[in-house]
Amino acid sequence: MRSFTVKFLFVLFAVIGVAGMTSAQEKKGGNPEAAKLKNPQAATPESVAAGEAVYMKRCRGCHARDGSGGPPKDTGEEPAWPLNDDTWVHGSTDGEIFHVIRNGVPPSLVMEPWDDRISETDTWHLVNFIRTLNKK
């Protein structure tokens, strides 16, 4: 019985530790490599409009029409981060925003990767549109 209790406590503490680590990893920090990426799409009215079209189709369900963040999910998951403020949890450069959209937020992918559903060009347009959200 003692062996079972020790094993149970070990597994319990391991799960708690991993859950805490996952939460911290998903909530903060930029990406120095992604920060080096430069946006090849100028933030023209046409680019922003193209990005808005992608946002309304793919992003507003979680991040809200105005970028204020999604409502709490019924499953108990955290709402999507707001995009219309000055807090950029995963980095604030165009390259970091691009990287998060394309690759999601690991390790548990609280934001899923969109690399197979949005072209690179449209992702850059989306970055340009997201930049306008905190100016409104």
**Message:** Looking at region 7-50 only, could you name the residues that are exposed (fewer than 11 other Cβ atoms within 10 Å of the Cβ), in a helix (DSSP H, G or I), modelled with pLDDT of 60 or more and of a type in the set (D, E, K, R)?
**Reply:** Glu33
**Request:** Please indicate, with yes or no, whether at least one residue in region 65-75 is within 19 Å of Asn39 (Cα to Cα), of a type in the set (Asp, Glu) and out of contact with any Gly (no Cβ under 8 Å at 6 or more places or on another chain).
**Result:** no
**Prompt:** Which members of region 110-136 meet the condition of being without any contact (Cβ under 8 Å) to a residue 24 or more places away in the chain and under 15 Å from the mean Cα position of the chain (by Cα)?
**Reply:** Glu112, Pro113, Asp115
**Complete:** Across region 98-136, the tally of residues that are assigned to a loop (DSSP other than H, G, I, E, B) and touching a Lys or Arg at 6+ places or on another chain (Cβ under 8 Å) stands at 5
**Prompt:** Which residues, counting only those in region 77-87, are in contact (Cβ under 8 Å) with a residue 40 or more places away in the chain and either among the aliphatic types (A, V, I, L, M) or out of contact with any Gly (no Cβ under 7 Å at 6 or more places or on another chain) (or both)?
**Reply:** Leu83, Asp85, Asp86
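The values are calculated or read from the model by the stated rules, or taken from the named source; none is laboratory data. All figures in this text were calculated on a predicted structure; none of them were measured in a lab. Don't worry about glycine lacking a Cβ; one is built from the backbone with ideal geometry, like all the others, and counts go over all protein chains shown.
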